[in-house]
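The structure appears below as structure tokens.
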Amino acid sequence: MPPARSVRSRFRTAAVVAASSEVAVTGGATSAFPGEALPPPPTRRLLGPLPAMPRLRRLFDPARGWFRRLEREVNFQLSAHVYPSIPGIARPYAVLLDRLLTVSEAEIGLAGLPATMDGVTILLITDIHVGPFMRPDALRRAFDRLGTLEPDLIVIGGDITTARLAEIVPHLDAFRSLTAPLGTFAVLGNHDHYTGEPARLSALLEENGVTVLTNRWVPIEKDGARFSLAGIDDLVVGAPDLAAALEGAPAPTVLLSHNPDVFFDAARRGVALVLSGHTHGGQIRIPGLPVLVRQSRYRLDEGRYAAEGAELVVSRGLGASGVPFRFACPPEAVLLRLAAR
């Protein structure tokens, strides 16, 4: 075993390199080591929005392409049967999450938002991936630090689990801690369906204070005013029904979708804002270069996008899958402040 000081040095070096790709970051460093304080996460301004172009990558079909099917199967087998048997497999990501968790902030104008809703804040947390790489104590620390932001509304954008339903059980206490005045809501992602028990996962979340929106909407109300929050099932392996999710929803509508590729269809149906994850922002990046492995057929990799009068926000997410690491692509939650316009 290498000396503890050497291990710490390597972790700190990796943290500095990975964090260097961020822009406009404020706040202090964080640490997973005992006795060192964990302040609120540093923040950065979310730039944009960039124009979103509905040019489909026809050679990349995550639902039918052989490469993506093989990738999913290998990922599942490793996450379900190999990684859990490796001692200490979750330690590196616990350190990375403590050190590099970032909050990206933006103000989003919504046409028709009631004046009394002006300034409402939404915390988007996505791609948590409880499982072999996410320790319960690390997730609870992350949630506690994000709670210091005091959001009005919390939304979870799917991929809560990685491969098995049992993965979430040690983390239920952390999910119970995710409370906000206007509620905590979630949708399911592709990995949540890989468990084979999405309905049971939804029930566990509901039992612990998280309302799951599967092809339906709810009113978000404050001081007699409201907007609609809708949720859709995963686009690739779920049973998404956008029409059902939006039926009867009064404008303005915010749509929670794990996969950002629903954006153009949602914009045509009058949705004002779509909140997504799924892409991990690439998870492992070469600074200054495009995403190496894209999960969006429209290249909606991370950040803010706009099209047809609607906006999309894609978060890099909190966790990791495939490998217990991120590089030049730190874990992220997004804090949005709604503005009436």
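The numbered conditions (1) part of a strand (DSSP E or B); (2) over 14 Å from the mean Cα position of the chain (by Cα); (3) farther than 24 Å from Arg58 by Cβ are all true for Val313 except (2).
Residue-wise test of (1) in contact (Cβ under 8 Å) with a residue 60 or more places away in the chain; (2) touching a strand residue (DSSP E or B) at 6+ places or on another chain (Cβ under 7 Å); (3) crowded, with 20+ Cβ neighbours inside 10 Å.
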| site | (1), (2), (3) |
| --- | --- |
| Gln295 | yes, no, yes |
| Arg326 | yes, yes, yes |
| Glu332 | yes, yes, yes |
| Ala339 | yes, yes, no |
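Restricted to region 38-155, the set of helices (runs of 4 or more DSSP H) holding at least 3 residues that are modelled with pLDDT under 95 and either farther than 15 Å from Pro324 by Cα or within 16 Å of the chain's Cα centre (by Cα) (or both) comprises 66-77.
Figure legend. Inter-residue proximity from region 245-262: first residues over 21 Å from Ile154 (Cβ atoms) and in a loop (DSSP other than H, G, I, E, B), second residues of a type in the set (Ser, Thr, Tyr) and at pLDDT 95 or above, beta-carbon distance below 7 Å, spacing 6+ or different chains. Indicated pairs: Pro250/Ser228.
Listed by first and then second residue, the pairs with beta-carbon distance under 6 Å, at least 6 apart or on different chains, first residue in region 166-189 and within 11 Å of Val130 (Cα to Cα), second modelled with pLDDT of 95 or more and assigned to a strand (DSSP E or B), are Glu167/Gly131. Scanning region 168-189 for residues that are surrounded by 20 or more Cβ atoms within 10 Å (Cβ to Cβ) and polar (S, T, N, Q) yields a total of 1. Considering every residue within region 261-273, establish whether at least one is closer than 29 Å to Asp144 by Cβ and touching a Pro at 6+ places or on another chain (Cβ under 6 Å). Taking every residue of region 261-273 in turn, none turns out to be closer than 29 Å to Asp144 by Cβ and touching a Pro at 6+ places or on another chain (Cβ under 6 Å). Here Leu318 passes the criteria (1) within 27 Å of Ala80 (Cα to Cα); (2) surrounded by fewer than 22 Cβ atoms within 10 Å (Cβ to Cβ); (3) of a type in the set (A, V, I, L, M, F, W, C) except the one numbered (2).
Among the residues of region 199-236 satisfying the criterion of being acidic (Asp, Glu) and assigned to a helix (DSSP H, G or I), which is farthest from the chain's Cα centre (by Cα)?
Start the filter on region 199-236 by keeping residues that are acidic (Asp, Glu), which leaves 206-207, 221, 223, 233-234.
With the extra rule that they be assigned to a helix (DSSP H, G or I), the set shrinks to 206-207.
Numbers: Glu206: 19, Glu207: 21 Å.
Ranking the qualifying residues of region 199-236, first place goes to Glu207.
The values are calculated or read from the model by the stated rules, or taken from the named source; none is laboratory data. Source: prediction; values computed, not measured. Here the Cβ is made from the backbone with ideal geometry for all residues, glycine too, and neighbour counts use every protein chain on show.
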